[in-house]
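First the structure, in the form of structure tokens, and then the observations on it.
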Amino acid sequence: MQRKATHNPATATWIFVMVLLVLGGGLLVRGKIKTEIQSQRVTQTANSSTDNETAAQKKFITKMAKPAVRVYQQNGQVLPSIVIAQAILESSWGTSQLFLQANNPFGVKGSYNGQSKSFLTNEYVNNKKISVHANFRDYPNLTAAILDHDALLKRSYFKQTVTDYKTAAKLLQSNGYATDPSYAKKLTNLIATYNLNQYDT
């Protein structure tokens, strides 16, 4: 006599639950892997951006350092570290329109051999930041800008030869080179951060 098959509801329910768990676990693992891949892509993009920025900074430092050192060896007027730090600060790493259009990395106002360009600039009046238009010197090349900058600093801001960058930065601020009350601190921080005083020796 053939036995009739019987169905156990509890067993069927248990099998159904197990299938759901397996499927759910697979989805969780897949989601985790996808999240990790996306996270890796974001990290790689961020690292790439940082690397590019560092490369651009190194390129600008080298661009300024070569003529700054050469001029300093010739006249011994202004430390290369100060020249480079001012160029970084004043031109925003060589991205300012004043630098790109007038070869003026230091924000020197006035005219050079009768040449000048007008730009919008930030000034501090009673410690309040305002924007004004001013005429800036238009140089034919970077070396001319550094020579003129050095002569200006020696004539108007340094009464004697300064061989310490911290002293030079303080003199620039105290003698009114810039209206920014944190100017000296910003210069010395840049020099320390990027080891710019290596070019002074």
Restricting to the stretch 174-184, name every residue that is more than 17 Å from SER91 (Cα to Cα) and either at pLDDT 95 or above or small (Gly, Ala, Ser) (or both). SER174, GLY176
Go through the stretch 128-186 and give me each residue that's touching a Gly at 6+ places or on another chain (Cβ under 8 Å) and hydrophobic (A, V, I, L, M, F, W, C). PHE136, ALA178
Tell me, which residue of the stretch 66-93 that is small (Gly, Ala, Ser) and touching a Leu at 6+ places or on another chain (Cβ under 8 Å) is nearest to THR201 (Cα to Cα)? SER81
Enumeration of residues in the stretch 74-102 that are more than 19 Å from the chain's Cα centre (by Cα) and farther than 15 Å from GLN198 by Cβ: GLN74, ASN75, GLY76, GLN77, VAL78, GLN101, ALA102
Looking at the structure I just gave you, is LYS63 in a helix (DSSP H, G or I) and either surrounded by 13 or more Cβ atoms within 10 Å (Cβ to Cβ) or of a type outside the set (Val, Ile, Thr) (or both)? yes
Any idea which of (1) closer than 14 Å to SER81 by Cβ; (2) within 24 Å of the chain's Cα centre (by Cα); (3) of a type in the set (Ser, Thr, Tyr) is the one THR163 doesn't satisfy? (2)
Out of the residues in the stretch 166-189 that are under 19 Å from PHE99 (Cα atoms) and among the hydrophobic types (A, V, I, L, M, F, W, C), which is farthest from the chain's Cα centre (by Cα)? ALA178
Name the pairs whose Cβ atoms lie under 9 Å apart, with the first residue in the stretch 179-197 and touching a residue at least 60 places away in the same chain (Cβ under 8 Å) and within 15 Å of GLY107 (Cβ to Cβ), the second aromatic (Phe, Trp, Tyr) and in a helix (DSSP H, G or I), and 6 or more positions between them or separate chains? LEU187/TYR165
Only one of (1) among the small types (Gly, Ala, Ser); (2) surrounded by fewer than 20 Cβ atoms within 10 Å (Cβ to Cβ); (3) farther than 16 Å from THR201 by Cβ; (4) modelled with pLDDT of 95 or more fails for SER48. Which number is that? (4)
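The values are calculated or read from the model by the stated rules, or taken from the named source; none is laboratory data. No experiment lies behind these values; they were computed from the predicted model shown. With ideal geometry, Cβ positions are generated from the backbone for all residues, glycine too; neighbour counts draw on all protein chains shown.
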